[in-house]
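Student: Structure incoming, see below.
The values are calculated or read from the model by the stated rules, or taken from the named source; none is laboratory data. Computed from a prediction, not measured in an experiment: that's the story for all the values here. Methodologically, a virtual Cβ is constructed for each residue, glycine included, from the backbone with ideal geometry; neighbour enumeration extends over all protein chains shown.
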Amino acid sequence: ERRAIGRAHSKLILMGEHAVVYGEPAIAVPFDAVHIEAEIQHLEGPVLFISDFFQGELEKMPKRMQGFVACIKAVCETLNQPIAHFRVQLKSTIPIGRGLGSSAAIAVALVKGLYSYFQKPLNRLQLQDFVDLAETFAHGNPSGIDREAITANHPIWFERQKPVETIRIEKTLHIVVADTGRVGDTHAAVSSVKALYSSNQDQTKATIEQLGQLTHQSRFALTSGRYDRLGLMLDQAHTLLQRLGVSDPGLDHYVQVSKEAGALGAKLTGSGRGGCMIALAPSLEKALKIERELEAIGAENTWYCQLTNEVIDY
Ligand code: MEV
């Protein structure tokens, strides 16, 4: 029986979320503790979509998932295949709407799965165009960092309209990721920063530029192994993100608890207002302690992410 699978890992933004929308740089890393598989299987009749969030015919998918519908249709049209006679099943451990790039990851897995099912070669540019299509529905004005980080197998330096660069870290990075369990709306968070920019331009512009400077400094800290300095930069970035209005008391509390448990620094990651937080730990042992403390205050989930220069193959 005809069947194919497309896979994608998730991502973490280390530095520069939101500011990246305004042309500042950002640093993101692949995060494969959570991932997704899209299985495409032959099935007569209209396209059937099966996932945790929707089960049914493609044509009946709710409006907020139209990006995925558009993506599937665009792939079939590009490959001259009928939009029928297959079933899509998503199996994912990436929590949705938590700043871990679930929507870009779903799109990547879908496109890879479909190309494999139709036995056609897929190049990176084609993949990215399809993901952009899906992301534009979901986010309005995506910077493109999610698309790049989801398809990268190493830490990246990202700036809008510029080629992506690989970052080589000096030594192993111990990161704790904690999920507040609360869904953050990327579209709403990006729009709120835009509104702030219009109403209070000078101050907002200054905050965004400071985030950009911190991202530059963080790159140096990463490549020179000065992780104590990097920790301070994470803290400063969190304060600046608070100023942009994209943190919330829950995330602030996670940051504080992580610090008390020995983190070198901590900040929200992704679009914020719910979603996830990252903490930089000085060692594996400390990372495990931070995880325990965050679970004790009710984190829905925590993960330990050990980052090296080893290529993550997906
Ligand atoms: C979302 O992962 C990152 C944001 O900067 C939005 C974007 O860059 O498209 C909040």
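Student: If you check 68, 130, which single one turns out to be in contact (Cβ under 8 Å) with a residue 60 or more places away in the chain, away from the ligand (no atom under 16 Å from the Cβ) and under 20 Å from residue 4 (Cα atoms)? Steps first, please.
Tutor: Details: 130 fails: in contact (Cβ under 8 Å) with a residue 60 or more places away in the chain.
Matching residue, one of 68, 130: 68.
Student: So, residue 193, is that one within 14 Å of the ligand (Cβ to nearest atom), in contact with a helix residue (DSSP H, G or I) (Cβ under 8 Å, 6 or more places away or on another chain) and assigned by TED's automatic domain parsing to the domain that holds residue 301 or not? Working first, answer last.
Tutor: Working: within 14 Å of the ligand (Cβ to nearest atom): yes; in contact with a helix residue (DSSP H, G or I) (Cβ under 8 Å, 6 or more places away or on another chain): yes; assigned by TED's automatic domain parsing to the domain that holds residue 301: yes.
Answer is yes for this residue.
Student: Which is assigned to a helix (DSSP H, G or I), within 16 Å of the ligand (Cβ to nearest atom) and under 25 Å from residue 30 (Cβ atoms), of 294, 241? If you could, list the steps in order and put the result at the bottom.
Tutor: Numbers: 294 fails: within 16 Å of the ligand (Cβ to nearest atom).
Being assigned to a helix (DSSP H, G or I), within 16 Å of the ligand (Cβ to nearest atom) and under 25 Å from residue 30 (Cβ atoms) holds for just one of 294, 241, which is 241.
Student: Give me a count of the residues in segment 14-52 that are over 30 Å from residue 173 (Cβ atoms) and of a type in the set (D, E, K, R). Working first, answer last.
Tutor: Looking only at segment 14-52, we keep the residues that are over 30 Å from residue 173 (Cβ atoms), and these are 39-52.
Then drop every residue that is not of a type in the set (D, E, K, R), which leaves 39, 44, 52.
Counting residues in segment 14-52 that are over 30 Å from residue 173 (Cβ atoms) and of a type in the set (D, E, K, R) gives 3.
Student: Taking residue 102, is it in contact (Cβ under 8 Å) with a residue 40 or more places away in the chain and either within 16 Å of the ligand (Cβ to nearest atom) or surrounded by 24 or more Cβ atoms within 10 Å (Cβ to Cβ) (or both)? Talk me through it step by step, then tell me what you get.
Tutor: Values: in contact (Cβ under 8 Å) with a residue 40 or more places away in the chain: yes; either within 16 Å of the ligand (Cβ to nearest atom) or surrounded by 24 or more Cβ atoms within 10 Å (Cβ to Cβ) (or both): yes.
So residue 102 passes the test.
Student: Answer with yes or no whether residue 5 is more than 30 Å from residue 268 (Cα to Cα), touching a residue at least 60 places away in the same chain (Cβ under 8 Å) and either part of a helix (DSSP H, G or I) or hydrophobic (A, V, I, L, M, F, W, C) (or both).
Tutor: On the way: more than 30 Å from residue 268 (Cα to Cα): yes; touching a residue at least 60 places away in the same chain (Cβ under 8 Å): yes; either part of a helix (DSSP H, G or I) or hydrophobic (A, V, I, L, M, F, W, C) (or both): yes.
Yes; evaluated as a whole, the condition is true for this residue.
Student: Would you check if residue 44 is assigned by TED's automatic domain parsing to the domain that holds residue 85, in contact (Cβ under 8 Å) with a residue 24 or more places away in the chain and assigned to a strand (DSSP E or B)?
Tutor: On the way: assigned by TED's automatic domain parsing to the domain that holds residue 85: yes; in contact (Cβ under 8 Å) with a residue 24 or more places away in the chain: yes; assigned to a strand (DSSP E or B): no.
Considered against the rule, which asks whether it is assigned by TED's automatic domain parsing to the domain that holds residue 85, in contact (Cβ under 8 Å) with a residue 24 or more places away in the chain and assigned to a strand (DSSP E or B), residue 44 comes out as no.
Student: Still on this structure, please answer the following. Could you say which residue among 90, 114 is touching a helix residue (DSSP H, G or I) at 6+ places or on another chain (Cβ under 8 Å), in contact (Cβ under 8 Å) with a residue 12 or more places away in the chain and surrounded by fewer than 23 Cβ atoms within 10 Å (Cβ to Cβ)? Quick ask: steps written out before the conclusion?
Tutor: Details: 114 fails: surrounded by fewer than 23 Cβ atoms within 10 Å (Cβ to Cβ).
Criteria check complete, one pass: 90.
Student: Right, another one. One residue is enough: does segment 139-152 have a residue meeting the conditions free of Cβ contacts under 8 Å to residues at least 60 places away in the same chain and of a type in the set (D, E, K, R)?
Tutor: Checked against the condition, which is being free of Cβ contacts under 8 Å to residues at least 60 places away in the same chain and of a type in the set (D, E, K, R), segment 139-152 yields at least one hit.
Student: Among the residues of segment 133-185 satisfying the criterion of being under 27 Å from residue 293 (Cα atoms) and within 13 Å of the ligand (Cβ to nearest atom), which is surrounded by the fewest Cβ atoms within 10 Å (Cβ to Cβ)?
Tutor: So in segment 133-185, the residues under 27 Å from residue 293 (Cα atoms) come out as 171-185.
Of the ones still in play, those that are also within 13 Å of the ligand (Cβ to nearest atom) are 184-185.
On the way: 184: 21, 185: 16.
In this case the residue turns out to be 185.
Student: Mind counting the residues in segment 91-125 that are closer than 24 Å to residue 178 by Cβ and more than 16 Å from the chain's Cα centre (by Cα)?
Tutor: The initial filter retains those residues of segment 91-125 that are closer than 24 Å to residue 178 by Cβ, namely 91-106.
Now restrict to residues that are more than 16 Å from the chain's Cα centre (by Cα): 91.
Count: 1.
Student: Considering segment 7-23 alone, what residues qualify as being surrounded by 24 or more Cβ atoms within 10 Å (Cβ to Cβ) and more than 9 Å from the ligand (Cβ to nearest atom)? So that I can check it myself, show each step before the final result.
Tutor: The first filter runs over segment 7-23 and keeps only residues surrounded by 24 or more Cβ atoms within 10 Å (Cβ to Cβ), leaving 8-20.
Scanning segment 7-23 gives 8, 9, 10, 12, 14, 15.
Student: Right, another one. Can we say residue 117 is on the phi < 0 side of the Ramachandran plot, in contact with a His (Cβ under 9 Å, 6 or more places away or on another chain) and among the aromatic types (Phe, Trp, Tyr)?
Tutor: Numbers: on the phi < 0 side of the Ramachandran plot: yes; in contact with a His (Cβ under 9 Å, 6 or more places away or on another chain): yes; among the aromatic types (Phe, Trp, Tyr): yes.
Spelling it out, residue 117 is indeed on the phi < 0 side of the Ramachandran plot, in contact with a His (Cβ under 9 Å, 6 or more places away or on another chain) and among the aromatic types (Phe, Trp, Tyr).
Student: Among 96, 72, which is over 30 Å from residue 194 (Cα atoms) and β-branched (Val, Ile, Thr)? Can you show your working first?
Tutor: Working: 96 fails: over 30 Å from residue 194 (Cα atoms).
Being over 30 Å from residue 194 (Cα atoms) and β-branched (Val, Ile, Thr) holds for just one of 96, 72, which is 72.
Student: OK, next. With the checklist (1) under 13 Å from the mean Cα position of the chain (by Cα); (2) assigned to a helix (DSSP H, G or I); (3) in the same structural domain as residue 208 (by TED's automatic domain parsing); (4) of a type in the set (A, V, I, L, M, F, W, C) in hand, flag the one item residue 149 doesn't pass.
Tutor: Of everything listed in (1) under 13 Å from the mean Cα position of the chain (by Cα); (2) assigned to a helix (DSSP H, G or I); (3) in the same structural domain as residue 208 (by TED's automatic domain parsing); (4) of a type in the set (A, V, I, L, M, F, W, C), residue 149 misses just condition (3).
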